[in-house]
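The values are calculated or read from the model by the stated rules, or taken from the named source; none is laboratory data. Computed from a prediction, not measured in an experiment: that's the story for all the values here. Cβ coordinates were reconstructed from backbone atoms using ideal geometry, including for glycine residues, and neighbour counts include every protein chain displayed.
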Amino acid sequence: MLIVSYDFSNDKTRTKFSKFLEKYGWRMQYSVFVITNSPRVLENIIAEIDQKYQKLFQKTDSIVIFPFCLSCTTKVIRYGCAKHELENVVYF
């Protein structure tokens, strides 16, 4: 699992990057995504960020990636509506 946080000053780059992340994960907050996938896909995501987005950075831009192991995800503490993010909901 990865938590990806980003801040781009350029609107076009920010939109392009968020659309890229939407293909793999879900938006936790406006500029924070949670991505759960196989280790290989996670590595490919990081490689694409290195190759495609790093060259678009301006001096004030940033991406921070927090990798989590499976056992660490069970230790995450959530409050408020965040407590329900991982619950499965079934509608009939």
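What number of residues within segment 42-69 satisfy the criterion of being at pLDDT 90 or above and of a type in the set (A, V, I, L, M, F, W, C)?
8
For segment 29-49, which residues satisfy the criterion of being over 15 Å from Ile63 (Cβ atoms) and in contact with a helix residue (DSSP H, G or I) (Cβ under 9 Å, 6 or more places away or on another chain)?
Within segment 29-49, Thr36, Asn37 qualify.
For segment 59-82, name all the residues that are surrounded by 10 or more Cβ atoms within 10 Å (Cβ to Cβ) and part of a loop (DSSP other than H, G, I, E, B).
Asp61, Phe68, Val76, Arg78
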